[in-house]
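Trainee: Below you will find the structure I want to go over with you.
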Amino acid sequence: MSGILWLASYPKSGNTWLRLFLANYFALNRPLELNQAISFGIGDSGIELFRQAGVAPSDPSPQSMAELRPQVHRQIAQRNSQGVAFVKTHNACIHVAGAPLITPDVTAGAILVVRNPFDVAVSFAHHNDMPIERAVQVLSTDTYYVPAYGPYVDQYPTSWRRFQASWIDAAGLSPLVIRYEDMVRSPTTAFSQVLRFLNARIDETRLAASIQATDFTALASQEKAHGFAEGDPEGKVPFFREGRIGVWQDVLTAEQVEHLRQACGKELVCLGYATEDGDPTRLTKAGAVERS
């Protein structure tokens, strides 16, 4: 396997946790400090990535970026010709301005981390310091994108529904789909599945140590003590805020829940977050965490 291995997720769905686990598992010496481990799995939205590839855009418009992205992806793959390059993305697997956001010919595979959209809306609102109602609208908007700003190029998460469908239905890709809720309730099983997908040898001792090193409480403690490179620069809004399953039950109104149910459609059912008649399943609800 060579090329880019995409670590894809809608924002606030568990991508960072997956990257930190993989960083610790493959490290020679562990546990890794939080801000050291986060360098694993470069993000595809940093303009510095384009500069390193020698194609820094003078015009960061959608059309300009559409032309440059495939060049950047190919150079990432070339630099890792003997193996895979792990790249984090919050982009849907779609075309923008006539070009793919995810370049097919240098894609080795993908891991898609999904999370119950009701909880995503709550976490998204806190992370972006926006009203819950606005977050619900964002997750329901197929055309949602984040314009280029500061050190970042434009990003296209689209809606929660469109994002998941774009990756699951991508031609010739067959990504491994991992649910955040399974990572919480049974991390040993979930992360073992990831390692098998990567054809990596499973070392039980290393697996347990890596899970322990990336426990939510441990990460939150490190962020509080030392800050987090991908968090709020001013430290006002913690990145590792809660991570609890089913928090939406204490926050969302009945109208907001119904809006998301309608907007997320069949993807709620096929990913196990709702029954055929639309009722939330156990995966979406608060309850005892079952660690394995």
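Trainee: Got a sec? How would Phe50, Phe163 order by Cβ neighbour count within 10 Å, fewest to most?
Mentor: Numbers: Phe50 21, Phe163 29.
Least to most surrounded, the residues fall as Phe50, Phe163.
Trainee: Rule-of-thumb check for the chain: C-alpha Rg over 2.2 N^0.38 Å? It would help to have the intermediate numbers written out before the result.
Mentor: Working: Rg = 18.4 Å, N = 292, 2.2 N^0.38 = 19.0 Å.
With N residues counted in the chain, Rg over 2.2 N^0.38 Å equals 0.97.
Trainee: Ok, one more. Would you mind ranking Arg261, Arg69 by Cβ crowding within 10 Å, fewest neighbours first? The partial results should precede the final answer.
Mentor: On the way: Arg261 17, Arg69 23.
Neighbour counts put them in this order, fewest first: Arg261, Arg69.
Trainee: Tell me the label-point distance for the pair Thr275, Ser2, using the 7 Å Cα-to-Cβ offset, in nm and rounded to one decimal.
Mentor: 5.1
Trainee: Number of Lys pairs in the chain with C-alpha atoms less than 22 angstrom apart, excluding same-chain neighbours closer than eight positions? All intermediate terms of the calculation are to be shown ahead of the outcome.
Mentor: Working: Lys12/Lys88; Lys12/Lys224; Lys12/Lys236; Lys12/Lys266; Lys12/Lys285; Lys224/Lys236; Lys266/Lys285.
Here the count comes out as 7.
Trainee: Report for the chain the percent antiparallel among DSSP-assigned beta bridges with both residues inside it, nearest 5. All intermediate terms of the calculation are to be shown ahead of the outcome.
Mentor: Details: 6 of 24 bridges.
Antiparallel bridges make up about 25 percent of those DSSP assigns within the chain.
Trainee: Which ordering of Tyr180, Tyr149 is given by a fewest-first count of other beta-carbon atoms within 10 Å? Before the final figure, lay out the partial values.
Mentor: Working: Tyr180 24, Tyr149 11.
Ascending Cβ contact count within 10 Å gives the list Tyr149, Tyr180.
Every number here is computed from the coordinates shown, using simple stated rules; none is lab data. Quantities reported herein were computed from a predicted structural model and do not represent experimental measurements. As a convention, Cβ positions derive from the backbone with ideal geometry for all residues, glycine included, and neighbour counts pool all protein chains shown.
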